[in-house]
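The values are calculated or read from the model by the stated rules, or taken from the named source; none is laboratory data. Note that the structure is predicted; figures quoted are calculated from it, not measured. Every residue, glycine among them, receives a Cβ derived from its backbone with ideal geometry; neighbour counts consider all protein chains shown.
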Amino acid sequence: MQEQPESTIPADRSLAVFCDFDGTFSVQDVGSTLARERLAERRRQLWSRFEQGEFTAWSYVVELFDGFVLPEAELVAFLRTIQLDPGARGLVDWCAAERIPFQILSDGFDWNLERLQEIHDIRFDFRANHLEYEGDVWRVAPGGPDPACDCGTGTCKRRLIAAYRVRHPNAFCVHIGNGRVSDRCGALESDLVFAKDTLAPALLEQGRAFIPFDDLDEVRRTLAEGLRAGRERAQR
C-alpha cells in the first residue's frame with residue numbers, strides 16, 4: 001500500500017497552490033479531446049512517433065496544432081462543452097478567502113483558458129502556452145520551456161514552481177495534477193502533491209509520496225484540515 005505524506009501545513013510557511021488544468025481543474029483534457037474530434041488520424045500517427053521518442057511533448061503539440069484551421073466561433077462552441085471539476089470553484093474560492101496564492105499551470109493554451117473563464121464565470125491566475133489566430137489558423141508558441149528539464153513541455157511546471165520559490169523562499173508549495181508527462185516535474189518540485197490518473201503511477205515509480213484524489217473538493221478539504229492542523233500545532 002502506498003504511504004501517504006504528512007498533510008499538515010507548517011504554520012511558519014506560506015502556502016501556495018499550483019494546479020494543472022486539463023483533466024484536473026477541468027473534467028476533459030481540452031487539447032486531447034479536440035484532437036480526437038478534429039484531428040483523429042493525425043493525432044494517432046503523431047502519438048505513435050511521440051511514444052517512439054521522435055518528439056518532445058512540445059514539438060508533438062507544434063506538429064499537431066500549429067497551422068490547425070478552426071474558426072474562433074467553432075472553438076468557442078467546443079469550449080462550451082468543457083466541464084470544470086465539481087470542486088474547482090470551491091478550491092478557488094477557499095484559496096481567495098484564506099489569501100493563499102492559487103495558480104493554474106497548464107501545458108494547454110492561454111486563448112482557451114481565457115474563454116473558459118468567461119464561459120464558467122470564474123477567475124484564476126494562470127501560466128500556459130500561447131495561441132493566437134491568423135484568420136482561422138492557429139499559431140502556437142511555448143509559454144515557458146526548460147531545456148534542462150526532461151518533461152519537454154512548452155510550459156515547464158518545475159521551472160515555474162522553482163521560480164516561485166526564489167521569490168518566496170519560505171513557501172510551502174502544493175501541486176495538484178493528473179498527467180505523467182506535464183505534471184511529474186512540477187510534482188517533484190513541490191512540498192505536497194495530490195495525484196491521480198497517470199501521474200500517480202509515475203510518482204510511485206520514483207518513490208515519491210503523494211495524496212490520491214478523485215476531485216478537487218477532496219483536495220480543498222485536505223488542505224483546509226492541514227492548514228488548521230498546522231496552526232493548532234504551532235499554538236501548543
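Rundown of residues vs (1) surrounded by 18 or more Cβ atoms within 10 Å (Cβ to Cβ); (2) in contact with a Phe, Trp or Tyr (Cβ under 9 Å, 6 or more places away or on another chain), yes/no style:
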residue: L79; (1), (2): yes, no
residue: A96; (1), (2): no, yes
residue: F102; (1), (2): yes, yes
residue: D110; (1), (2): yes, yes
residue: H120; (1), (2): no, no
residue: G135; (1), (2): no, no
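Pull up region 53-108, narrow it to residues that are free of Cβ contacts under 8 Å to residues at least 12 places away in the same chain and aliphatic (A, V, I, L, M), then point me to the one that is farthest from P145 (Cα to Cα).
Going through the qualifying residues, I end up with A97.
Does any residue in region 161-189 that is farther than 16 Å from S7 by Cα come within less than 6 Å, Cβ to Cβ, of a residue that is crowded, with 24+ Cβ neighbours inside 10 Å and among the acidic types (D, E) six or more places away or on a different chain, and which pairs are these?
Partner pairs satisfying both residue conditions: G177/D20; G177/D183; S182/D107; D183/D20.
Kindly provide the set of residues from region 187-202 that are under 22 Å from G87 (Cβ atoms) and outside any loop (DSSP other than H, G, I, E, B), ordered by number.
Initial filter on region 187-202 (under 22 Å from G87 (Cβ atoms)): 187, 190-200.
Within region 187-202, A187, L192, V193, F194, A195, L199, A200 meet the criteria.
Scan region 203-217 residue by residue and report those that are among the hydrophobic types (A, V, I, L, M, F, W, C), under 21 Å from V27 (Cβ atoms) and in a helix (DSSP H, G or I).
Matches in region 203-217: L216 only.
Taking the stated definitions as given, is V219 in contact with a Leu (Cβ under 7 Å, 6 or more places away or on another chain), at pLDDT 95 or above and of a type in the set (A, V, I, L, M)? Can you show your working first?
Working: in contact with a Leu (Cβ under 7 Å, 6 or more places away or on another chain): yes; at pLDDT 95 or above: yes; of a type in the set (A, V, I, L, M): yes.
Judged against the criteria, V219 is a match.
Of V17, V61, which residue is at pLDDT 95 or above, buried (at least 20 other Cβ atoms within 10 Å of the Cβ), part of a helix (DSSP H, G or I) and of a type in the set (A, V, I, L, M)?
Exactly one residue qualifies, and that residue is V61.
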